[in-house]
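What follows is calculated from the coordinates using simple rules that are stated; it is not laboratory data. It should be emphasised that the depicted structure is a prediction, and the values quoted were computed from it without experimental measurement. For neighbour counting, all protein chains shown are included, and Cβ atoms are generated from backbone atoms with ideal geometry for every residue, glycine included.
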Amino acid sequence: MHKTGLVFFPAFDWAIEPTHPEREERLLYTRDQIFEEGVMDLPEVAEMAPRLCHPHDILRTHFCVPDVASLTTEAHLIAAGAGQVLGDEILAGRLKNGFALVRPPGHHAMRVVHGNRGFCNINNEAVVVEYLRRRHGIRRVAIVDTDVHHGDGTQDIFYHDPDVLFISFHQDGRTIYPGTGFSHELGGPTAFGRTLNIPLPPGTTDESMLFVLENLILPVLNDFGPELVVNSAGQDNHYSDPIGEMCITARGYATLTSRLKPHLAVLEGGYAVESALPYVNLGIILALAGLDFDLVREADYPRTFHEDPARRPRLEKMVRDLLEMWRLRDQLDLSSIFGREEFFRQQKEVYYDTDGIEDKQVETVRVCKECPGYLTIDSRALHPDGRAVKVMALSVPLFACNHCRSLAYDAYAAARKENSLYHHIYLQDKSMDTFLAFDTAAGSESISEG
Amino acid sequence: MFIGVDVGGTCTDAVLLDERGVRATAKVTTRSELLASLTEALDEVTAGISRDQIERVNISTTLITNLVAEKKYDPVGLLLIPGPGLNPHTLNFPSPAHFIPGAIDYRGREISPLDTAGIEAAVADLHGRGITRVAVAGKFSNRNNSHELQARDIVLRLQPDWQVELGHQVAGALNFPRRAVTAYLTAATRERYQYFARAVLEALASRSINCPVFVLKADGSTCPLAYSVQKPVETLFSGPAASTLGVQALTPPGETVVVVDIGGTTTDLALILSGQPLLSSRGARVDRQLTQVRALAVHSVPVGGDSVVDRIGRELIIYTARMGLPYCLGGPLPTPTDALRVLGLTVHGDETRAVDAMAGVGGPLGLSAAETARRVVALFVEMVAREINLMFEEWQKEPSYSVWQIMQKHKGRHRGLQTVVGVGGGAAGFTAQIAAAIGCYPVIPPYASVANAIGAAVARPTMQVSVRADTQAGYYLILEEGVRGVLPAGASEEDVMALARQWLAKRSARYGLSVGPEVEVTQREVFNMIRDWRTTGRLYDISLQTTGGILAYIGAGGEFHA
């Protein structure tokens, strides 16, 4: 019998700030609950120790400005390393599935990282997925984000990757951070339909969430046929969460997990440290391990929530529309959405709430017939101290064609020549697992090779 | 002078230490009458000694281990208060349990009251089945023991003569299933252990030995015999703890070694890391069930010098069973000991019989007795070496919950094992080859055959106190005592530390031990509780213990050295 792997890394000596929601105390009561239940002793569960994620594995996913060391603490490396340990064991066939019950979280960390946004520096799931694709030769991965906040970082990182399906349901972006994740955000011209967003109104209950799961998420997953399913297991949809306004219960989360059957779940948000986390985390572990979670109950049980039935038709219509979009994803005339140019360009403004950084990006993807196309990001980050950091970042996809690869290298060389425009110039070649960084002021290049 | 006695399954070993070092040793066969073996060994080491010179006797015993392994105890009723969470039917308890409604949460708050009628019904059921011993354990009873206390009061009101053991009194750490098993084993063994303790005292009195008597616990520390009756399960596995401590005393301080104790039936492995025996992170495992008994991390490989050697097809194998003595010592079947005898790695036993045994197994494969013996030894060495590597890996993989701990481990990762120390009957024959198989140096220390008794003799009492304090809820708990007290508002970390020291002194005084200024802080967790961006209280988890370790190190000539 294969076990459920559990890495529990509560980072009891790490916090963003002493009173910040992302603080030492966050997983304390979860620790109490799962230790008292004897979860680690169950024959269905194998507790594993995390390892430190290597900076090279972070460069495969992120452009860290100016470098990895400036943006990560040991806690970040351990949180990402936890998913790597579990992923290795799962793909080697030694574990049935796994749960990285770790902090700090990561799903708001985007491709370019100037600082901390939404409590995140490093996108744990994205780092793990890119690492596993390189290390174990898998190709198709699905990431299902069940945090109350839109997983905008993960979406950003895989927006142009047709082999990574990203699905996020969350509280409607008009009512909560980060204000994105609408159903029209569907992926770039070379990965259209591989991003699906299901914004849900405040007050959504277990019943509606499971409706979305059964009628949209599971059919799409079944159709996509991923080799690995990752769940960004945020828990702030819980009815008692101080940040979110949803009405999901611990058993709702456990039921979701038991039906979604992710290979790897990674903790994201969830800040009701006492009233939700001990129960939701226990429920998720039991569901992954195939054990009965029917007796997992919050202290104020029985609490039941009802939604206004008048809201249901809207939800059903959104699910229908998205499912239709998914079916037609490769048949639609994309030029009506993205134009007919060789390069598709979009502008983005990224705000770093924790660090007060404003980043203006121009993202350009080559609409290539042979591969997902190389990506160029021109990023200008205004720091609260008035500093402006200008960055040029080039990304070559894992399954790049030779033409895109050579165009990206040419662009990198050209940017270095006219070096007065940028402080940092990066080339991330996922196809060769080689990452270059040029520091204009120092006039020096650093290379990280796998 | 100090005496150490290890009453093992095969032999009872004793040593006498005086102010200079080892003065006498004895090895006698353990007979069915444990106490006769004990007095015989005592008589041998104390010959010519005035009894009033003996300051202390330390005993390690397999009594509880065997009682439990052979299930020679009376039935125990299990009353569990699991509350919400994991379905308790998922768990395997040592006997059918009554699950009683009632719930406490992680902060010690009552979520739902105890179902007193449920306790009454369970008592009636147990009474009907003739059971008179009960273990009561509740989830989070270590944070709030009121349900367990209520349950006990109900049981004793209905059945005043019953024996009732409570989870929070025997197992204060988090882990409800282990707490239930520990309470169960306590209920199961206490009465028999009391007989044993009384008999030991009588045996010593009959030899006019009236000094303090201590019992070795699974964690390698000792406890006054009189107090060990409260938690007899703590003496589980004191045998392997004794040999580990013996090796600690017989090797230079600060070394990292693997202890290989090769007996007749099993080979016990333990780790000494930078001079300190490694404690198991999980607690002692009894009959496949984990307990909350603090124990050294001992790994038992089910092969020993008396295991049966056989041939299956073209392969030689070693069974994990003992069918009596080795063939060369008059036993029925070939064993690894016969292989050693053939190769001249031991001088015990009849050489001709050993050669016959090996030739009999290897002959049909076209192997000579010597070739067969070499293969058997290689097989044995391979089995043990594999387990050593596994054990070391397991230790390295043990989870840690803070950045600091993980970084410590990361830095220490490459400081591997260097030395294999062999003790026990098979040490002389196998140690060098086991060490070679894992790339280490072999050491067979002086007194290797009585290392366990030396370990018992050099063990010292330690006392722990674990305090949990919750300033928001205004209470503190002394986990080892099951005591709950009122915490003054605004208690600081210093206040909680002082409280822990007071309780450590109080507990130690009760056990007749003095607490020196040297106290070790074994756990120190302080969490700010933040609600709505303000600090509303603090949670402290502080554990102290009196400095443990061993009495002295013993040099090659049997003399003490610093």
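Every Cα-Cα pair of the range B:252-444 was included, and the share exceeding 21 Å stands at 54 percent. Sorted into 10 angstrom bins from 0, the C-alpha pair distances of the range B:464-546 split as 18, 49, 24, 7, 1 percent.
Summing +1 for each Lys or Arg and -1 for each Asp or Glu, what net charge is found among the other residues whose Cβ lies under 11 Å from the Cβ of residue B:302? Within the 11 Å Cβ shell, the charges total -1. For trypsin sites (Lys or Arg not before Pro), the sites in the range B:303-385 that DSSP calls loop and that have at most 13 other Cβ atoms within 10 Å are B:314.
By the Cβ distance rule of under 4.7 Å, chain A has these cysteines without a partner: A:53, A:64, A:120, A:247, A:368, A:404. Per residue of peptide A:16-24, the mean number of Cβ atoms on other chains within 10 Å of the residue Cβ is 3. Normalised by the number of residues in the range B:500-562, the average gap of Cα pairs under 8 Å and 6 or more apart makes the relative contact order 29 percent.
Considering Cα pairs under 8 angstrom that are at least six residues apart, work out the relative contact order of chain B and quote it in whole percent. For chain B, the relative contact order is 14 percent.
Here the 3J(HN,Hα) profile of the range B:309-316, calculated from phi with Karplus coefficients 6.51, -1.76 and 1.60 at θ = phi - 60°, is 9, 9, 10, 10, x, 9, 10, 8 Hz, Gly and Pro shown as x. Dipole orientation for the protein assembly as shown: of the candidates A:153, B:329, B:469, B:329 has the Cα lying most toward the positive pole (charges on Cβ; Lys, Arg +1; Asp, Glu -1).
Each of B:424, B:369, B:445 was scored by the projection of its Cα onto the charge dipole of the range B:360-465, and the greatest displacement toward the positive side belongs to B:445; charges sit on the C-beta of Lys, Arg, Asp and Glu. Within 10 Å of the Cβ of each residue in B:166-179, the mean number of Cβ atoms contributed by other protein chains is 2. Excluding same-chain neighbours fewer than eight residues apart, the lysines reachable from residue B:231 by a Cα-Cα span under 19 Å are B:71, B:72, B:217, B:506.
May I ask for the distance between the Cα centers of the range A:259-301 and the range B:487-562, given as a whole number of Å? Cα centres, the range A:259-301 to the range B:487-562: 35 Å. For the pair residue A:331 and residue A:136, a Förster radius of 45 Å applied to the C-beta separation gives a FRET efficiency near 0.90, rounded to the nearest 0.05. Computed 3J(HN,Hα) for the range B:158-168, one whole-Hz value per residue from the Karplus formula 6.51 cos²θ - 1.76 cosθ + 1.60 where θ = phi - 60°, is 7, 9, x, 8, 6, 9, 10, 10, 10, x, 5, glycine and proline marked x.
At 1.002 mPa s and 20 °C, plugging the Kirkwood radius over alpha-carbon pairs of chain A into Stokes-Einstein gives what diffusion coefficient in µm²/s?
It diffuses with D of about 97 µm²/s by this estimate.
Compactness check for the protein assembly as shown: Cα Rg over 2.2 N^0.38 Å is 1.07. In terms of surrounding Cβ atoms within a 10 Å radius of their Cβ, A:246, A:110 rank from fewest to most as A:246, A:110. Lysine pair count for chain A with Cα-Cα distance under 19 Å and sequence separation of 8 or more or different chains is 8. Peptides B:435-445, A:324-334, ordered by how many other C-beta atoms sit within 10 Å of their residues on average, highest first, read B:435-445, A:324-334. Per-residue 3J(HN,Hα) values for the range A:102-117, derived from phi via the Karplus relation 6.51 cos²θ - 1.76 cosθ + 1.60 with θ = phi - 60°, read 10, 9, x, x, x, 6, 8, 6, 8, 4, 8, 10, 9, x, 9, 10 Hz in sequence order (x marks Gly and Pro).
Peptide A:2-9: average number of partner chain Cβ atoms within 10 Å per residue?
1
Between residue A:98 and A:5, A:264, A:265, the built amide H atoms are under 5 Å apart, and every one of these is 5 or more places off in sequence or on another chain. Considering helices alone, the calculated mean residue ellipticity of the protein assembly as shown at 222 nm is -9500 deg cm²/dmol, with DSSP H runs of length four and up weighted by -39500 (n - 2.57) and normalised per residue. Among A:404, B:211, sorting on how many other beta-carbon atoms sit within 10 Å of each Cβ, with the fewest leading, yields B:211, A:404. The relative contact order of the range B:252-444, computed from alpha carbon pairs under 8 Å that lie at least 6 residues apart in sequence, is 21 percent. On the principal axes of its alpha carbon atoms, the range A:341-449 extends 43, 30, 24 Å, with the longest extent given first. Take the Cα of residue A:218, step 7 Å toward its Cβ, do the same at residue A:355, and the gap between the two points is 4.1 nm. Could you work out how far helix A:74-91 tilts from the main Cα principal axis of chain A, as a 0 to 90 degree angle to the nearest 10? Orientation of helix A:74-91: about 80 degrees from the principal axis. Fewest neighbouring Cβ atoms within 10 Å first, the residues A:34, A:122 line up as A:34, A:122. If you take the Cα centroid of the range B:405-483 and the Cα centroid of the range B:251-294, the two points sit 6 Å apart. Restricting the range A:220-306 to trypsin sites (Lys or Arg not before Pro) that sit in a DSSP loop and have at most 15 other Cβ atoms within 10 Å of their own Cβ leaves A:303.
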